[in-house]
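The values are calculated or read from the model by the stated rules, or taken from the named source; none is laboratory data. Note that the structure is a prediction, hence the values are computed from the model and not measured. Note that we place each Cβ from the backbone using ideal geometry, even for glycine, and neighbour counts take in every protein chain shown. Ligands, DNA and RNA are excluded from the accessible area calculation, which covers all protein heavy atoms including side chains. Shrake-Rupley method; radii C 1.70, N 1.55, O 1.52, S 1.80 Å.
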Amino acid sequence: MEEIKLYHKVWVILPWLLLMLGFTIVFLIPITKGLNARFWIWNWSLLLLSGATFLWGLSVLIRERVLHIPPIIITEDKLIVGKKEYHFADIHHFDLIYFSKSDVIRIHYKPDVEAKKKSEAKGMDRIGRKINRIIMGAEDCIQVANLTMKPEKLCNLLNKRLKK
């Protein structure tokens, strides 16, 4: 089976990138013309926030479109999300939910693997898994909105890979 690489849709990233660039310019203008002391903290805070958001969006765009580093890779035996790997042999099934205005695929592990992960988890990882279990209904989840493949199709593809 071929390796499948998924990217974020450019039409979703680009408008936010342009909006943040516009905000950065708008908040930079008063600084170059001399600031009113009353608005100094607000203006610098908003400039830093919009500038940082613009740089983050630009880094995502460059990483995905110029360097061709996908956020999600599906191989024959595993799912890679960023630097985290999920082996299909450890997973019972995937399901798609809509949570907080976003599509999320929940990863349900086989009972023995889930017990092993719980016993190996330490500190903040243990707390994070417990919170995920309470809120999301599964210990691991993947945010899949605005990818180059529809969330339903992606979930079906992942479940098909489990059966092979």
- Per the 1.4 Å probe, what fraction of the accessible area of the stretch 34-164, in percent, lies on carbon and sulfur atoms? 62
- Item | Cβ-derived FRET efficiency at R0 22 Å, residue 6 paired with residue 67, nearest 0.05 | 0.90
- Task: For the stretch 1-72, run through the GluC sites (Glu not before Pro) and keep only the ones in DSSP coil with at most 14 other Cβ atoms within 10 Å of their Cβ.
- Result: 2, 3
- Item | Unsatisfied cross-links (Cα-Cα over 19 Å) in the set 78/153; 9/78; 83/110; 101/130; 130/163 | 9/78; 83/110; 101/130; 130/163
- Query: Per residue, what accessible area does the stretch 1-134 have, given a 1.4 Å probe and all protein chains present, in Å²?
  - Reply: 69
- Inter-label distance, nm, simple model (7 Å from Cα along the C-beta direction), residue 28/residue 150: 4.1
- Note on the structure: So the FRET efficiency between residue 49 and residue 125, C-beta based with R0 = 30 Å and rounded to 0.05, is 0.55
- Taking a ≥ b ≥ c as the square roots of the eigenvalues of the Cα gyration tensor, with a/c under 1.5 meaning rounded and otherwise prolate when a/b exceeds b/c and oblate if not, the stretch 1-81 is prolate
- Would you please state which residues of the stretch 57-100 a label at residue 116 would reach in this model, taking the label point 7 Å out along Cα→Cβ and a backbone N cut-off of under 14 Å? 86-92
- Query: What full-extension length gain, to one decimal in nm, is calculated for residue 42 and residue 136 as 0.36 nm per residue of separation minus the Cα-Cα distance?
  - Reply: 30.2 nm
- Message: Taking 8 Å as the Cα distance limit and 6 or more residues as the minimum spacing, I'd like the relative contact order of the chain as a percentage.
- Response: 24
- Message: Against the empirical 2.2 N^0.38 Å scaling, what ratio does the C-alpha Rg of the chain come to?
- Response: 1.33
